[in-house]
Amino acid sequence: MTKVLIVEDDGNIAQLLQLYLEKEGFETQTAPDGGRGVELFRSFQPDLVLLDIMLPVLDGWGVCRKIRETSDTPIIMLTAKGETEDRVGGLEMGADDYIVKPFEMKEVLARIRAVLRRYGGAEETSAKKLSFDRLVINMDSYELLVDGKRVDTPPKEMELLFHLASSPNRVFTRNQLLDEVWGFDYFGDSRTVDVHIKRLREKLEGVSDQWSLKTVWGVGYKFELTA
């Protein structure tokens, strides 16, 4: 599970970020000041840090410097609107990205995923090939093998199946799948997911009794392992 450290002295913002990221499957810890942030970075060993600039005890610049002394863990700075110098300074100091307050949670998630992709972070599945009973999903070659035979599958169907199968038994809402497979700036209808699931089911129906694409009524979909 990807770990995110949130260093933010505004309790409401910190709690909101924590609740949202944990709902999205991240493990989080929060620090209310820079000193505690440095301590938690050492003990928690996060995969990414969300770091506010204006902090008590030790400001965001100081925390960033401390982290960069020993680690290249991705850092996303949280800056106030209009603080252009802060944003430039943060990037020059070694931060990987910045988010301007007030922000949308979808933007935070998209920025986190983008930075982790660049680092090949824990949030991305290291294996690009998943194998199950009579099923192989190979994202290096974008090939789907069903019972040993290659099945022609459009790229987006491959990406959707791979995303679901990378987290077996986890339920994804349609909106999560739109965000994570199609991208946070996709403006299509959630029925797009239903159509792609239907097409995948036509290819995979009855192949194995050890796994299946399941509908969780009122919620979304999951790749269920039964054995």
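Scan the stretch 170-185 and give yes if some residue there is open to solvent by less than 50 Å² (accessible area, probe 1.4 Å), in contact with a Lys or Arg (Cβ under 9 Å, 6 or more places away or on another chain) and modelled with pLDDT of 90 or more, otherwise no. The answer is yes, given that some residue of the stretch 170-185 is open to solvent by less than 50 Å² (accessible area, probe 1.4 Å), in contact with a Lys or Arg (Cβ under 9 Å, 6 or more places away or on another chain) and modelled with pLDDT of 90 or more. Annotation: of all residues in the stretch 151-161 being open to solvent by 10 Å² or more (accessible area, probe 1.4 Å) and within 17 Å of Val207 (Cα to Cα), the one that is nearest to the chain's Cα centre (by Cα) is Thr153. Step by step: first the residues of the stretch 25-40, then only those that are out of contact with any Lys or Arg (no Cβ under 8 Å at 6 or more places or on another chain) and open to solvent by 10 Å² or more (accessible area, probe 1.4 Å), then the one that is farthest from Arg170 (Cα to Cα). Which residue is that? Filtering the stretch 25-40 for residues that are out of contact with any Lys or Arg (no Cβ under 8 Å at 6 or more places or on another chain) and open to solvent by 10 Å² or more (accessible area, probe 1.4 Å), the one farthest from Arg170 (Cα to Cα) comes out as Gly35. Just so you know, in the stretch 133-150 the residues that are in contact with a Phe, Trp or Tyr (Cβ under 8 Å, 6 or more places away or on another chain) and either in a strand (DSSP E or B) or not charged (D, E, K, R) (or both) include one that is most open to solvent (accessible area, probe 1.4 Å), and it is Met139. Is there a residue in the stretch 120-132 that is in contact with a strand residue (DSSP E or B) (Cβ under 7 Å, 6 or more places away or on another chain), at pLDDT 90 or above and either open to solvent by 50 Å² or more (accessible area, probe 1.4 Å) or within 30 Å of Val207 (Cβ to Cβ) (or both)? Yes, the stretch 120-132 contains at least one residue that is in contact with a strand residue (DSSP E or B) (Cβ under 7 Å, 6 or more places away or on another chain), at pLDDT 90 or above and either open to solvent by 50 Å² or more (accessible area, probe 1.4 Å) or within 30 Å of Val207 (Cβ to Cβ) (or both).
Confirm whether Arg87 is out of contact with any helix residue (DSSP H, G or I) (no Cβ under 9 Å at 6 or more places or on another chain), modelled with pLDDT under 90 and assigned to a helix (DSSP H, G or I).
Values: out of contact with any helix residue (DSSP H, G or I) (no Cβ under 9 Å at 6 or more places or on another chain): yes; modelled with pLDDT under 90: yes; assigned to a helix (DSSP H, G or I): yes.
Against the criterion (out of contact with any helix residue (DSSP H, G or I) (no Cβ under 9 Å at 6 or more places or on another chain), modelled with pLDDT under 90 and assigned to a helix (DSSP H, G or I)), Arg87 qualifies.
Taken residue by residue, the stretch 9-16 has no member that is under 23 Å from Tyr119 (Cβ atoms) and open to solvent by 10 Å² or more (accessible area, probe 1.4 Å).
Screening Leu164 against (1) modelled with pLDDT of 90 or more; (2) open to solvent by 40 Å² or more (accessible area, probe 1.4 Å); (3) out of contact with any helix residue (DSSP H, G or I) (no Cβ under 7 Å at 6 or more places or on another chain) leaves a single unmet condition, (2). For beta carbons closer than 7 Å, sequence separation of 6+ or different chains, a first residue in the stretch 42-65 that is on the phi < 0 side of the Ramachandran plot and a second that is basic (Lys, Arg) and surrounded by fewer than 23 Cβ atoms within 10 Å (Cβ to Cβ), the qualifying pairs are Phe44/Lys3; Pro46/Lys3; Asp47/Lys3. The residues of the stretch 204-225 that are in a loop (DSSP other than H, G, I, E, B) and either of a type in the set (S, T, N, Q) or open to solvent by less than 20 Å² (accessible area, probe 1.4 Å) (or both), listed by number, are Val207, Ser208, Gln210.
Please tell me if Leu200 is within 21 Å of the chain's Cα centre (by Cα), surrounded by 11 or more Cβ atoms within 10 Å (Cβ to Cβ) and more than 20 Å from Met1 (Cα to Cα). For Leu200, the condition - within 21 Å of the chain's Cα centre (by Cα), surrounded by 11 or more Cβ atoms within 10 Å (Cβ to Cβ) and more than 20 Å from Met1 (Cα to Cα) - is not met.
The values are calculated or read from the model by the stated rules, or taken from the named source; none is laboratory data. Note that the coordinates shown come from a computational prediction; the quantities given were computed from them, not determined experimentally. Note: ideal-geometry Cβ built from the backbone for every residue, glycine included; neighbour counts use all protein chains shown. When the accessible area is computed, the model is the full protein with side chains, heavy atoms only, and any ligands, DNA or RNA have been set aside. Shrake-Rupley method; radii C 1.70, N 1.55, O 1.52, S 1.80 Å.
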